[in-house]
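All remarks here apply to the structure that follows.
The values are calculated or read from the model by the stated rules, or taken from the named source; none is laboratory data. Computed from a prediction, not measured in an experiment: that's the story for all the values here. Reconstructed Cβ throughout: ideal geometry from the backbone, glycine too, with neighbour counts over all protein chains shown. The area values use the complete protein model at the heavy-atom level, side chains included, leaving out ligands, DNA and RNA. Shrake-Rupley method; radii C 1.70, N 1.55, O 1.52, S 1.80 Å.
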Amino acid sequence: MNGHPTREEDFDLYALGALEGDDKQAIESHLASCADCARKLAEARGRVAMISFAATRVEPAPHVKELLLARVRAEGRSSAPAGAAAPREADSSAGGGVFGRWWTAVLAPVGVALAIATILLWNQNERLNREIADLHAALITQQKNLEEARHAADLLAARDTIVVPLAPMPGMPNGMGRVTYNSKMGMLMYDGKVDPAPANKSYQLWLVPMKGDPINAGVFNPATDEISHWMMKMPEGITPKAFAVTLEPAGGMPHPTGPKVLAGATS
Ligand SMILES: [Zn+2]
């Protein structure tokens, strides 16, 4: 077939697996080279899936049932040997018999095709949904990383950014840290490595301003040999006197309550 299928319902019938013989071959050979019709088939497949999903039945297309039935009847008439005592003829003479027989013969394979199509589409949907969710999560992570990298680059490039090394305090868990801070940007970056905190305790970094109370700059619980790193937005325009890591109850505190573990003055 060079031209498009002339009957719109052919797409539904094909999607249902109800097209056979020449009709099926013709549409298949045409679909291979016609994007327009391939799209129509995709839509028909969607309708076929909808039939199974919909709580309220959705008709595949107007009159498809009637057309399917009419065709099946026509085919039955033409293929039944004339005058033969074939069961079809016998059924035909019995009135509603042909209806019942053909619906059974056609609907059984259509039902199977429908079930298979539904399962395939459902699986495909599930897989696509998972892939989309994975890609979305990856994108969010990348965007966050990119954003942080931009902030870090800005912070490191700024001329008024200060770097304050934090040294371990005697008798405290061993470690060292570094605070990179820009007062105007209100941006703080911490990098450090310290032995794990005792049970039920957390480490907490503080910005100790020239004036006023220490400001929380992050709570952390490093595993053994783990390097801690984070960036934190701080209030802008605060001049620090020092930075310190204290040992606090797990989860941190609004104000420092525990001993200093690491500390470093700005000058
Ligand atoms: Zn076409």
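Below is a table of values for the structure above.
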| read-out | value |
| --- | --- |
| Relative contact order, percent, region 159-267 [alpha-carbon distance under 8 Å, six or more residues apart] | 30 |
| Largest-first principal axis extents, alpha carbons of region 113-267, Å | 77, 39, 26 |
| Carbon/sulfur fraction of accessible area - region 134-267, other protein chains in place, 1.4 Å, % | 58 |
| Vicinal HN-Hα couplings computed from phi for region 181-190 (Karplus, 6.51 cos²θ - 1.76 cosθ + 1.60; Hz; Gly/Pro x) | 9, 10, 5, 5, 7, x, 10, 10, 10, 10 |
| Set of aspartates and glutamates with alpha-carbon distance to Lys184 below 20 Å, sequence-local pairs under 8 removed | Glu147, Glu148, Asp154, Asp160, Asp213, Glu236 |
| Sequence-distant lysines (8 or more away, or on other chains) whose Cα lies within less than 25 Å of Lys193 | Lys144, Lys201, Lys233, Lys241, Lys260 |
| Qualifying lysines (Cα of each under 17 Å from Cα of Lys40; at least 8 residues distant if same chain) | Lys24 |
| Net lengthening on full extension, Asn174/Ala199 (0.36 nm per residue, minus Cα-Cα) | 7.4 nm |
| Net lengthening on full extension, His4/Arg130 (0.36 nm per residue, minus Cα-Cα) | 41.8 nm |
| Estimated FRET transfer efficiency when R0 is 22 angstrom, pair Asp160-Met231 (beta carbons, to 0.05) | 0.85 |
| Taking only Cα atoms of region 199-267, radius of gyration then Dmax in Å | 12.1, 36 |
| Relative packing of 15-26, 176-187, which averages over residues the other C-beta atoms within 10 Å, highest first | 176-187, 15-26 |
